[in-house]
Amino acid sequence: MSEERAHDIGARLRSARRQRGMSLRTLAGLSGLSAGFLSMVENGQRHLDRTGHITALADALRIAPTELTGQVLAPTDPATASAHEAVPALRLALMGVGHPPTSGSRGPLAARVAQANRLYHRCEYGVLAHKLPPLLADLRAAVDDASPDRRPRLLRLLADAYHPACTMLLKYLGYPDLAYVAVIRADEATAELDDPLRDALSGFFHAHVLISAGSPDLALNHAELAADMVERHLVGPEAHALLGELHLIRATCLTQDVRRSGADRASEVKQHLAAAGELAARTGETKAWHLNFGPTNVGIHRVSLNTDLGRHGHAVAASRGLRPRILGAPGRDAAFHADLGRSLAHLRGHDADAVTELLTAERTAPQRIHANAMVRDTVSALLDRQLPSRTAREVRALAHRMGVQG
């Protein structure tokens, strides 16, 4: 690196730090670099030529690395990379081979299944992807060795471990084929239980897979059949919660069909949202089936579905008063802010508000947001707009972290 370029980077660093109102000590603490080193960089006395240092400073300042270097650096997301690295082992686990059982040495199976579902809802995909293969191996071994009275409980646990594998692979890592295998494995685990609600839950996950595969009409068929099954066995809060989730997935299927075919099905979407709202008023906030059904999740869907339908004013209106954080599920919280940001980006004079919501979504669940194609499209569109300097800087930094090219 030339002395001239070292001086330029130092000047950019000093300018960015001062614009953020940060002291050298504060920036040092946030970046993990010494204040003395940063002072010499700012004065052109030391070179800033390590990608790790540049990225750490850019992250601390919430700017794109190119604002320091004038050159493009490849974005890094260690957590997502870690999740992808675990996919070969998870693939073998879904095939029923590859990972030997650990004889229970990793803790009680029920606690590990609950932890897997919590990791999914917290969007900690890197951790989850590595924990699933040994968990699935241990569960299958336990089922094989179980006495007849213990076997049903273990089969339910096995299905409940396949479900977060399905949704993680489907929505956030981009492996719909493996997600489908996970759903089939869950079906196999519960086939002998003769439990209609479990069969309906399988229909719910099948619908998710088919939506992502580009078949909202087939997804809707699965969801309709599942809802009919629940309605014939509508006893207890768990059944009401599952029926509510099936109303929400049907509304999602219809919304996707509108986007694909142009048909006007908004009134049907509204009917399913209303039905889900009535059920949510009955159940309150619930974690039944390791999901998050209740008034808050129905409200989040009102925002997301109106956004997908292009009813952006309605989406913003639906967001008022919602507090998604109460769910304790960062994935749902992030989805709310991301969809609200997408709608705000379509409303004149709300670009800065849109960026604020998108950044909130990213801070809440970065892996989920970085993998969201709709958010990526919104960020790409914002890059092309004339924005206030601070907002433009924030958009460029977000685009870098998502790997979106301007």
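Springs between Cα atoms under 10 Å define the GNM used for the chain, and in it the highest mean-square fluctuation of Thr51, Thr167, Thr378 occurs at Thr51. Within the straight-line cut-off of under 21 Å between alpha carbons, the lysines reachable from Lys287 are Lys171, sequence neighbours fewer than 8 places apart in one chain being disregarded. Principal-axis analysis of the Cα atoms of the chain puts helix 109-121 at an angle of about 50° to the longest axis.
If you add up the charges near Thr283, with Lys and Arg at +1 and Asp and Glu at -1, over every other residue whose beta carbon is less than 13 angstrom from its beta carbon, what do you get?
Working: positive: Arg282, Lys287; negative: Glu238, Glu245, Glu278, Glu285.
Spelling it out: positives minus negatives among the neighbours equals -2.
Set against the labelled values (1) 22.3; (2) 23.1; (3) 26.2, Kirkwood radius over Cα pairs in Å computed from this structure falls on (2).
Computed from phi, the 3J(HN,Hα) profile of the stretch 15-25 under the Karplus parametrisation 6.51, -1.76, 1.60 (θ = phi - 60°) reads 4, 5, 4, 5, 5, 7, x, 9, 7, 4, 5 Hz, with x in place of Gly and Pro.
Eigenvalues of the Cα gyration tensor times 5, then square-rooted: what semi-axes does that give for the stretch 3-69, in whole angstrom, largest first?
Semi-axes, largest first: 15, 12, 11 Å.
GNM on the chain, alpha-carbon springs under 10 angstrom: the most fluctuating residue among Phe293, Phe37, Phe336 is Phe37.
In the stretch 245-334, one over the average inverse separation of all distinct C-alpha pairs is 13.3 Å, which is the Kirkwood hydrodynamic radius. For Cys123, the residues whose modelled amide H falls within less than 5 Å of its own, excluding neighbours fewer than 5 places apart on the same chain, are Gly331. Peptide packing: for 142-152, 168-178, 201-211, 39-49, the average count of neighbouring Cβ atoms within 10 Å per residue gives the ranking 201-211, 168-178, 39-49, 142-152, highest mean first.
Shape analysis of the stretch 323-390 based on the Cα gyration tensor places the equivalent ellipsoid semi-axes at 21, 12, 9 Å, largest first.
Please report Cys253, Cys123 as a ranked list, fewest other C-beta atoms within 10 angstrom at the top and most at the bottom.
On the way: Cys253 28, Cys123 25.
Ranking Cys253, Cys123 by Cβ neighbours within 10 Å, fewest first, gives Cys123, Cys253.
Test of understanding: ordering Tyr162, Tyr180 by Cβ neighbours within 10 Å, fewest first, what list do you get? Intermediate values should be presented prior to the final figure.
Details: Tyr162 28, Tyr180 20.
So the residues, fewest neighbours to most, are Tyr180, Tyr162.
Rounded to the nearest angstrom and listed largest first, the equivalent-ellipsoid semi-axes of the stretch 130-247 from its Cα gyration tensor are 23, 20, 10.
Here the contact order of the stretch 322-406, divided by its residue count and restricted to Cα pairs under 8 Å and six or more residues apart, works out to 25 percent. Placing +1 on each Lys and Arg Cβ and -1 on each Asp and Glu Cβ, with no other charges, gives the stretch 198-260 a dipole about its Cα centre of roughly 160 debye.
Kirkwood's formula applied to the C-alpha pairs of the stretch 291-406 gives a hydrodynamic radius of 14.0 angstrom.
Mean separation of Cα pairs under 8 Å and 6 or more residues apart, divided by the residue count, gives the chain a relative contact order of 12 percent.
Derived scalar couplings between HN and Hα for the stretch 231-244 equal 4, 7, 9, 8, 10, x, x, 5, 5, 5, 5, 5, 4, x Hz in order, rounded to whole Hz, by the Karplus curve 6.51 cos²θ - 1.76 cosθ + 1.60 (θ = phi - 60°), x for Gly and Pro. For n ≥ 4 DSSP H runs only, could you compute -39500 (n - 2.57) per run for the chain, divide by its residues and tell me the 222 nm figure to the nearest 500? Mean residue ellipticity, 222 nm, calculated: -22500 deg cm²/dmol. Within the listed set Val316, Val269, Val235, the residue fluctuating most in the Gaussian network model of the chain (springs between alpha-carbon atoms under 10 angstrom) is Val235. Under a no-solvent Debye model with one identical scatterer per Cα of the stretch 60-212, what's log10 I(q)/I(0) at q = 0.09, 0.13 Å⁻¹? For the stretch 60-212 at q = 0.09, 0.13 Å⁻¹, log10 I(q)/I(0) is -0.33, -0.61. What the phi angles of the stretch 179-189 give under the Karplus curve with 6.51, -1.76 and 1.60, with θ = phi - 60°, is a coupling list of 4, 5, 4, 4, 5, 4, 5, 5, 4, 4, 5 Hz, glycine and proline written as x.
We did not get these values from a lab; they are worked out from the coordinates using the rules stated. Keep in mind the model is a prediction, meaning the values are calculated, not measured. So basically every Cβ, Gly included, is an ideal-geometry build from the backbone, and we count neighbours across all protein chains shown.
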